[in-house]
Amino acid sequence: MIYKKSGDLIALRLNRGEEIVSSIQNVCEKEHVYFGSISGIGAVDHAVVGLYRVSERKYYQNKFDGEMEMTSLLGNSTEKDGKVYLHLHANFARADGQVVGGHLNEAVISGTAEIFISTQKGSIGRQTDPATGLNVFKF
């Protein structure tokens, strides 16, 4: 993993074998990103994405292996309990064009990933919504 910071933008490149979520977490912690927007593209060979069932207050995970293009990575970095809190979603295209995606739990790079983190000064907090169980923005 290597990255470059210029003003309020961080450009991050991940290499083969690196895991996306933990890599973004490490950069956001090191750079104190508590108010940021994340986007990226790349190639993976393993991904775990989930779906949150509000009625059950539970995440369900799906695991996918094999070469896939990460056609979209979107999310944000905020703050919860004094720590960086990531909320990421991603889509992955298989060789046959089928796309899978959801809430990103983990993904391992097969080629590379190019990720931008746009930062703002300050922070956005999180709190648990009693109606859904989700950690929502706290302004």
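Data overview
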{"quantity": "Charge tally in the Cβ shell below 13 Å around G66, where Lys, Arg are +1 and Asp, Glu are -1, G66 excluded", "calculated": "-3"}
{"quantity": "Within straight-line cross-link reach of K83, lysines at Cα separation under 21 Å, skipping those fewer than 8 residues along the same chain", "calculated": "K5, K30, K121, K138"}
{"quantity": "Stretch gain in nm, segment E67-E31, where the contour uses 0.36 nm per residue and the Cα spacing is subtracted", "calculated": "9.8 nm"}
{"quantity": "For the chain, convex hull volume per residue from C-alpha positions, Å³", "calculated": "97"}
{"quantity": "The chain: most fluctuating residue of G111, G42, G66 per GNM, C-alpha cutoff 10 Å", "calculated": "G66"}
{"quantity": "Where Rh is the Kirkwood radius over Cα pairs, Rg/Rh for region 76-123", "calculated": "1.06"}
{"quantity": "R57 accessible area, 1.4 Å probe, all protein chains in place, Å² to nearest 10", "calculated": "120"}
{"quantity": "Accessible surface, 1.4 Å probe, highest first, among residues D8, D96", "calculated": "D96, D8"}
{"quantity": "List T112, T132, ordered by accessible area with a 1.4 Å probe, largest first", "calculated": "T112, T132"}
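The values are calculated or read from the model by the stated rules, or taken from the named source; none is laboratory data. Being a predicted model, the structure only gives us computed values, none of them experimental. Heads up, the Cβs are rebuilt from the backbone with ideal geometry, glycines too, and the neighbour counts pull from every protein chain shown. Quick note on the areas: whole protein, heavy atoms, side chains included, nothing else; ligands and nucleic acids left out. Shrake-Rupley method; radii C 1.70, N 1.55, O 1.52, S 1.80 Å.
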